[in-house]
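**Student:** There's a structure below that I have some questions on.
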Amino acid sequence: MAKNGFSIFDSDMHIMEPPDLWQRYIDAEFRDQAPRGRTSDNVRDLGIDFPQAQPGARRTTGVPHWGRNYDRNQALYRDHSERGWTADVQLEAMDTEGLDVAVLYPSRGLSVLTQPEMDPRFAAAIARAYNDWLADFCRGDSTRLLGAGMISVYDIGDAVAEARRAVRELGFRAVFVRSNVVNGKAWHEPYYEPLWEALEELGVPLGFHEASGSASPQAGEQFDPNFGLRRLYAQPLTQMMGLGSFLAGGICERHPGLQVAFLEANCSWVPWLLWRMDEGYEREGDVFMPELTMAPSEYFARQCYVSIEPDELPAVDMVDKLGAERVVFSTDYPHGDSRYPESVQAFLTLPLSDEDKRKILWDNCARFYQIAEVPDPVS
């Protein structure tokens, strides 16, 4: 389906889960507690309600239901919503953008496991239910719709078990976690070592994702109730902190086979942050980064990817400084700030060489998710 001569791989496309997903798919033991998606006049309502109060949870603000962009999205996505956001709708959206393959991440599900004191067994059941539903969804065209499995980190044994099931039984090409810390444990702490070891063993990459709302503490929350300010800072700052754990915190040193993509938070900040980490390593690494055997930027070049926004003009400087080999493309469909249906076209207008565009639109994503060739669409 090449568009303007480019094959296109969306590293982070979103689905819109049905509001009753967890009620239908969760283990019977937890059905009365199952989270429920809210519905309203907003065709993109991402709200989640829990029938039973979750201890320690905090209410966060969301996108206002008014304004030019809200009205645009209401009109743009109404047909998609009325048709139930099905796999057929997803594939039509991909065809509209010119996408050959997409790895699918959640919408409502991005916030469902952010409660700070969730019962680990309940949280694990939520992840299993989502993954079972997503596996069914991807059967609409399993060569173009690829799953990224949800895992719960409230019990690391549950995370490991579900990662293995998602890959070995459900055939997913990645697993994901929110970069937002929800259990009080920074990502480079020993607690997570069994998970990183399992992902290396499975040979499956990690999608390190973030969103702009959380029931746990998160960068940018001090701006509430101004959601615009919160969104400016929440995703990139939280991802910056996560990248610090992987590079300067030693995760990549201990797990050289682990590949991780930092998604939906821009990429223009990467050169500055790598420079700052390298400076710290050069000056005081023997004290503060004693585990490292090379500069943080070298681990990034070996194991990390970061996603570019379709119209992220400052990212051209990032590519000039670091090269295009570690940049992946995302449309962010059908989220409110997506450029859909013109995401690909917006990216193609960036002043990058055709070689760099080809790497970002296909080569890097295919390497990260381990896809050998462009699939033929199911007729």
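**Student:** Could you check the simple spin-label distance between residue 276 and residue 20, using points 7 Å along Cα→Cβ, in nm with one decimal?
**Tutor:** With each label point 7 Å from Cα toward Cβ, the separation is 4.8 nm.
**Student:** Report the gain in length on full extension from residue 168 to residue 301: 0.36 nm times residue separation, minus Cα-Cα distance, nm rounded to one decimal.
**Tutor:** 45.0 nm
**Student:** With each label point set 7 Å from Cα along the Cα-Cβ vector, what nm distance links residue 223 and residue 79?
**Tutor:** 3.4
**Student:** Could you put 118, 13 in order, starting from the residue whose Cβ has the fewest other Cβ atoms within 10 Å?
**Tutor:** Exposure proxy ranking, most exposed first: 118, 13.
**Student:** Convert each backbone phi in the stretch 70-80 into a coupling constant with the Karplus relation 6.51 cos²θ - 1.76 cosθ + 1.60 (shift: θ = phi - 60°), then list the ³J(HN,Hα) values in order as whole Hz, x for Gly and Pro.
**Tutor:** Whole-Hz 3J(HN,Hα) from phi for the stretch 70-80: 4, 4, 4, 5, 4, 6, 5, 9, 4, 5, 4.
**Student:** Which length gain, in nm to one decimal place, applies between residue 342 and residue 294 when the Cα-Cα distance is subtracted from 0.36 nm times their residue separation?
**Tutor:** Numbers: separation 48, 0.36 × 48 = 17.28 nm, distance 4.07 nm.
My answer for the length gained is 13.2 nm.
**Student:** Now a separate question. Suppose the chain between residue 72 and residue 191 were pulled fully straight at 0.36 nm per residue; how much longer would it get relative to their current alpha carbon spacing?
**Tutor:** 38.4 nm is the gain from fully extending residue 72 to residue 191.
**Student:** Here's another thing I want to ask about it. Rounding to the nearest 20 debye, state how big the charge dipole of the stretch 157-216 is about its Cα centre with +1 on each Lys and Arg Cβ and -1 on each Asp and Glu Cβ. Write down the numbers at each step before the final one.
**Tutor:** Details: 6 positive and 9 negative charges, 44 e Å.
Its charge dipole is roughly 220 debye.
**Student:** Moving on to the next point. Got a sec to turn the phi values of the stretch 356-366 into Karplus ³J(HN,Hα) couplings, 6.51 cos²θ - 1.76 cosθ + 1.60 with θ = phi - 60°, whole Hz, x for Gly and Pro?
**Tutor:** Per residue, the Karplus-derived 3J(HN,Hα) values read 5, 4, 5, 4, 6, 6, 9, 4, 5, 5, 5 Hz.
**Student:** A further question on this structure: Explain nothing, just compute: Karplus ³J(HN,Hα) = 6.51 cos²θ - 1.76 cosθ + 1.60, θ = phi - 60°, for every residue of the stretch 36-43 in order, whole Hz, x for Gly and Pro.
**Tutor:** Residue by residue, the stretch 36-43 yields 10, x, 6, 10, 6, 5, 6, 5 Hz.
**Student:** Could you please state, rounded to a whole Å, how far the C-alpha centre of the stretch 83-154 is from the C-alpha centre of the stretch 9-58?
**Tutor:** Answer, in whole Å: 11.
**Student:** What are the lysines whose alpha-carbon lies under 19 Å from the alpha-carbon of residue 359, with same-chain residues fewer than 8 places away excluded?
**Tutor:** 3, 321
**Student:** Name the residues whose placed amide hydrogens come within less than 5 Å of the amide hydrogen of residue 148, ignoring near sequence neighbours (fewer than 5 apart) on the same chain.
**Tutor:** Result for residue 148 returns 104.
**Student:** So how far apart, in nm, are the two label points at residue 355 and residue 86 if each is 7 Å from Cα heading toward Cβ?
**Tutor:** About 4.6 nm separates the two model spin labels.
**Student:** Still on this structure, please answer the following. Amide H neighbours of residue 15 under 5 Å, at least 5 residues apart or on other chains, H built in the peptide plane: list them.
**Tutor:** Correct list: 105, 107.
**Student:** As a test, work out the antiparallel percent of DSSP beta bridges whose residues both lie in the chain, rounded to the nearest 5.
**Tutor:** 10
**Student:** Next question. Skipping prolines and chain starts, which residues have an amide H placed within reach, meaning under 5 Å, of the one on residue 210, given they are 5 or more residues away or on another chain?
**Tutor:** Residues meeting the amide H criterion: 179, 263.
**Student:** Can you list the equivalent-ellipsoid semi-axes of the stretch 224-379, largest first and in whole Å, using the square root of 5 times each Cα gyration tensor eigenvalue?
**Tutor:** Numbers: eigenvalues 159, 80, 43 Å².
Square roots of five times the eigenvalues give 28, 20, 15 Å.
**Student:** Evaluate the charge dipole of the chain about its Cα centre and quote only its size in Debye, nearest 20, assuming +1 on the Cβ of each Lys and Arg and -1 on the Cβ of each Asp and Glu. Please report the intermediate quantities before stating the final value.
**Tutor:** Details: 36 positive and 59 negative charges, 123 e Å.
Here the size comes out at about 600 debye.
**Student:** When 24, 254, 178 are ordered from fewest to most other Cβ atoms inside 10 Å of their Cβ, what list results?
**Tutor:** 24, 254, 178
**Student:** Next up: Expressed as a rounded percentage, what relative contact order does the chain have, with Cα pairs under 8 Å and six or more residues apart?
**Tutor:** The value is 19 percent.
**Student:** Suppose we keep just the alpha-carbon trace of the chain; what are its Rg and Dmax in angstrom?
**Tutor:** Gyration radius and largest Cα-Cα distance of the chain: 19.7, 59 Å.
Every read-out reported here was derived from the displayed coordinates using simple, explicitly stated rules and does not represent laboratory data. These numbers were taken from a predicted model, which means no experiment stands behind them. When we count neighbours, we look across all protein chains shown, and the Cβ atoms used for this are built from the backbone with ideal geometry, even at glycine.
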